[in-house]
């Protein structure tokens, strides 16, 4: 049995993270239409990238709602501003942007190297659903 992922699987899994699950979703549709088997490695990374994209979206909506509430409280209203303030040393990215970009790059690089990337709680849910 072949344990190491093929180069195309590595590329697709990394591209799936970099496109917020878009490439992976399209690949699942193509595989279903062509009746191709999707390997556990590729399925794991596609599902994880889609799940993380949904989580990032929900957290950003929740964060925006929290920002509206905190903005009205004196002294505390500086916290959301500091988290979203551009840092000149970091190419104008905020702390939140640095954190999310770092997570996405970590996942893309490790999947391109052929590893099953691990993020606590998220990877456990994906492993439970894919049977890895």
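The values are calculated or read from the model by the stated rules, or taken from the named source; none is laboratory data. As the structure is a computational prediction, the values presented were derived from the model and not from experiment. Methodologically, a virtual Cβ is constructed for each residue, glycine included, from the backbone with ideal geometry; neighbour enumeration extends over all protein chains shown.
Kindly establish whether residue 118 is farther than 22 Å from residue 12 by Cβ and either modelled with pLDDT under 85 or surrounded by 14 or more Cβ atoms within 10 Å (Cβ to Cβ) (or both). No, not satisfied.
For region 56-109, taking the residues that are touching a helix residue (DSSP H, G or I) at 6+ places or on another chain (Cβ under 7 Å) and in contact (Cβ under 8 Å) with a residue 60 or more places away in the chain, the one that is nearest to residue 7 (Cα to Cα) is identified as 108. Only one of the numbered conditions (1) free of Cβ contacts under 8 Å to residues at least 24 places away in the same chain; (2) within 28 Å of residue 6 (Cβ to Cβ); (3) out of contact with any strand residue (DSSP E or B) (no Cβ under 9 Å at 6 or more places or on another chain) is not met by residue 127, and that is (1). Among the residues of region 68-84, count how many are at pLDDT below 85 and either surrounded by 11 or more Cβ atoms within 10 Å (Cβ to Cβ) or closer than 23 Å to residue 19 by Cα (or both). So the answer is 10.
Would you check which residues across region 110-132 are in contact with a helix residue (DSSP H, G or I) (Cβ under 8 Å, 6 or more places away or on another chain) and part of a helix (DSSP H, G or I) and list them? If you could, list the steps in order and put the result at the bottom.
Going residue by residue through region 110-132, those that are in contact with a helix residue (DSSP H, G or I) (Cβ under 8 Å, 6 or more places away or on another chain) are 111-114, 116-117, 119, 122-123, 125-127, 129-132.
Of everything in region 110-132, those that are in contact with a helix residue (DSSP H, G or I) (Cβ under 8 Å, 6 or more places away or on another chain) and part of a helix (DSSP H, G or I) turn out to be 111, 112, 122, 123, 125, 126, 127, 129, 130.
Would you check if residue 106 is out of contact with any strand residue (DSSP E or B) (no Cβ under 8 Å at 6 or more places or on another chain), under 24 Å from residue 15 (Cβ atoms) and assigned to a loop (DSSP other than H, G, I, E, B)?
Details: out of contact with any strand residue (DSSP E or B) (no Cβ under 8 Å at 6 or more places or on another chain): yes; under 24 Å from residue 15 (Cβ atoms): yes; assigned to a loop (DSSP other than H, G, I, E, B): no.
For residue 106, the condition - out of contact with any strand residue (DSSP E or B) (no Cβ under 8 Å at 6 or more places or on another chain), under 24 Å from residue 15 (Cβ atoms) and assigned to a loop (DSSP other than H, G, I, E, B) - is not met.
If you go through region 16-37 and pick out every residue that is without any contact (Cβ under 8 Å) to a residue 24 or more places away in the chain and either buried (at least 18 other Cβ atoms within 10 Å of the Cβ) or in a helix (DSSP H, G or I) (or both), you end up with 11.
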